Amino acid sequence: MGRINQNFFYYGAILIAILKNNRNASPVLISNDGDNGQIYKACFGESRKECYLFFKYAKQRQSKDTKEYQSWSYSFSKKDKELLHEYDLKGMPIFIYLLGINKKFQESQIAVLSYNEYLRVENKQTVTIGSEPAKHKFLLFIKKTRLDAYEFPKNRIDNSFENLLEQKGFERKKKIPIINKKKQESDKIIYIIAEEARKCPIHHCKMRIRVLNLGNRKRDTIYFCERCKKMIIGQEHEKKIKELLKERRMLNQYQFENLL
């Protein structure tokens with residue numbers, strides 16, 4: 001007889017809570033990382049739109065303040081961050097479900113985050129959710145203290161996907177512009193930095209995402225700074241783009257230069 005892992009109960013609890021308000025949804029498990037989390041791809045609504053669901057759980061942390069205040073910390077691996085980024089580029093909604101386990105399981109809570117809200121957290125390897133008594137909003141720790149926390153509704157778990165997408169934090173992004181490979185010469189330079197990041201290393205502002213057209217219906221995404229008008233990628237990303245360009249005999253279409 002096969003053994004049942006404890007995390008089956010935790011992920012099952014999240015799934016049942018979702019299906020309660022999304023009866024026409026059809027989630028399919030696409031990644032099972034044991035205690036580290038699960039990922040589902042789901043269709044929902046009459047138009048059968050697609051979305052991604054990230055599941056994680058954590059046990060209650062010991063609080064120094066009061067017995068009533070609760071908090072939970074969730075680990076996001078490098079793989080988690082890469083997958084979130086990859087799915088976000090596809091333009092489909094991402095719902096992050098975080099189960100906070102209480103000593104009395106029936107008093108456990110489920111927080112629901114959008115990918116945009118996850119990006120608010122400075123240390124994206126650990127996401128901490130706080131719950132204060134008699135309050136209707138969770139706290140998402142942006143930094144290390146409650147003073148900098150971002151508040152979001154506790155009742156999101158009681159909403160359908162359609163309703164969630166209408167709420168603050170789940171705003172749809174504007175259509176990503178495509179960079180044509182035949183543009184003027186200045187648009188053919190791609191600048192390289194050691195490690196890829198969302199902030200421009202020159203102006204320290206948040207960069208936009210653009211699509212690089214590599215021909216033959218093959219595309220890749222890069223960061224673009226509106227202030228310095230530069231396309232900026234990391235060294236690992238540079239290797240991947242060069243490989244794709246080489247396959248299509250297009251290496252001469254773009255020039256790669258070190259930024260710093």
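The values are calculated or read from the model by the stated rules, or taken from the named source; none is laboratory data. Predicted model only: the values in this text are computed from it and were never measured. Using ideal geometry, Cβ is built from the backbone for each residue, glycine included, and neighbour counts are taken over all protein chains shown. Just the protein is used for accessible areas: all its heavy atoms, side chains included, with ligands, DNA and RNA removed. Shrake-Rupley method; radii C 1.70, N 1.55, O 1.52, S 1.80 Å.
Tabulated results
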read-out	value
Qualifying residue in region 64-79 (condition: over 19 Å from Leu139 (Cα atoms) and open to solvent by 90 Å² or more (accessible area, probe 1.4 Å))	yes
Region 112-125 - residue that is open to solvent by 60 Å² or more (accessible area, probe 1.4 Å) and not basic (Lys, Arg) and, of those, modelled with the lowest pLDDT	Asn123
Failed criterion for Met207 (all others in (1) in contact with a strand residue (DSSP E or B) (Cβ under 9 Å, 6 or more places away or on another chain); (2) modelled with pLDDT of 90 or more; (3) over 23 Å from Pro93 (Cα atoms) hold)	(3)
Flag if Ile4 is at pLDDT 90 or above, at negative phi and loosely packed, with under 12 Cβ neighbours inside 10 Å	no
Some residue of region 168-181 being open to solvent by 40 Å² or more (accessible area, probe 1.4 Å), under 17 Å from the mean Cα position of the chain (by Cα) and at pLDDT 75 or above	yes
Qualifying residue in region 126-145 (condition: open to solvent by 40 Å² or more (accessible area, probe 1.4 Å), under 21 Å from Gly37 (Cα atoms) and either touching a helix residue (DSSP H, G or I) at 6+ places or on another chain (Cβ under 8 Å) or modelled with pLDDT of 90 or more (or both))	yes
Test: residue in region 97-111 that is assigned to a loop (DSSP other than H, G, I, E, B), in contact (Cβ under 8 Å) with a residue 40 or more places away in the chain and open to solvent by less than 40 Å² (accessible area, probe 1.4 Å)	yes
Test: residue in region 34-45 that is under 16 Å from Val127 (Cα atoms), open to solvent by less than 10 Å² (accessible area, probe 1.4 Å) and either modelled with pLDDT of 90 or more or small (Gly, Ala, Ser) (or both)	yes
Ser114 of a type in the set (S, T, N, Q) and closer than 24 Å to Leu139 by Cα	yes
